């Protein structure tokens, strides 16, 4: 038994809407494109296309999973970030638009030939985006998770920046100390959500790795370590932070010995990136 593409898309969009998915039609199209291994344009151009039973079953499986609020990016296996497509798995945090601000600020504030360390690289989105947009820079991407580093390595290969992005297994800045190298900049999107808040997050977020979210009692555990240890390794530290954390981060930076700390706001007006100078 065959089915018409447009009919399947309409039914899926209705199901996703009933499950409170924010963009049901778009998600349905992306899931269908993934099931058929084609582009969204192909779907729009051929609404009367007949689907095989196998294609229908696969698409409905994807739709049912999404209706349960499983992240779209994990189902289709990719996510757009800074104009690039990245592989993602449940081993890594899904790249978010606000993190693009961190990339943008690093591009603006470092020399073309900068040496940069990305701490807690996850999917490698920050490191790869920097390497693609700063073709003379060298980046060391650090993560404690072997599974995350495997995803980062796949993205490094995907964007052909193997010669300039070096992945390193280790905890925060530990590997940098061992190497004894100083960097033009250290960047990080660390865990910064207070532990008590984790259970209140949306179901999609709760599917992401807890270690990439949980920042301790006040959300600042890892941030404290970064501001403490990075002072010996760089003159420029840029860290993504959470809502309402700027004041505490400013005091942490001052206490740890950073001479100048400023903040960059996101499109919602939230102080999202802390920029500290030695």
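The values are calculated or read from the model by the stated rules, or taken from the named source; none is laboratory data. It should be emphasised that the depicted structure is a prediction, and the values quoted were computed from it without experimental measurement. Note that each Cβ is placed from the backbone with ideal geometry, even for glycine, and that neighbours are counted across all protein chains shown.
Annotations
- Of all residues in segment 3-37, those being assigned to a loop (DSSP other than H, G, I, E, B), touching a helix residue (DSSP H, G or I) at 6+ places or on another chain (Cβ under 7 Å) and farther than 13 Å from residue 72 by Cα number 1.
- Residues satisfying the stated conditions in segment 53-87, i.e. under 22 Å from residue 14 (Cβ atoms) and outside any helix (DSSP H, G or I): 68, 69, 70, 71
- Failed item, numbered, when residue 267 is tested on (1) out of contact with any helix residue (DSSP H, G or I) (no Cβ under 7 Å at 6 or more places or on another chain); (2) modelled with pLDDT of 95 or more: (2)
- All positions within segment 52-93 that are in contact with a helix residue (DSSP H, G or I) (Cβ under 7 Å, 6 or more places away or on another chain) and closer than 18 Å to residue 149 by Cα: 79, 81, 86, 87, 88, 89, 90, 91, 92, 93
- Residue within segment 67-83 that is outside the structural domain of residue 212 (by TED's automatic domain parsing), more than 25 Å from residue 208 (Cβ to Cβ) and modelled with pLDDT of 95 or more present: no
- Test: residue in segment 112-131 that is in contact with a helix residue (DSSP H, G or I) (Cβ under 7 Å, 6 or more places away or on another chain), modelled with pLDDT of 95 or more and surrounded by fewer than 17 Cβ atoms within 10 Å (Cβ to Cβ): no
- Residues of segment 4-17 that are closer than 27 Å to residue 203 by Cβ and free of Cβ contacts under 8 Å to residues at least 40 places away in the same chain: 9, 10, 11, 13, 14, 17.
- Condition met for residue 246 (touching a strand residue (DSSP E or B) at 6+ places or on another chain (Cβ under 7 Å), closer than 26 Å to residue 107 by Cβ and surrounded by fewer than 23 Cβ atoms within 10 Å (Cβ to Cβ)): yes
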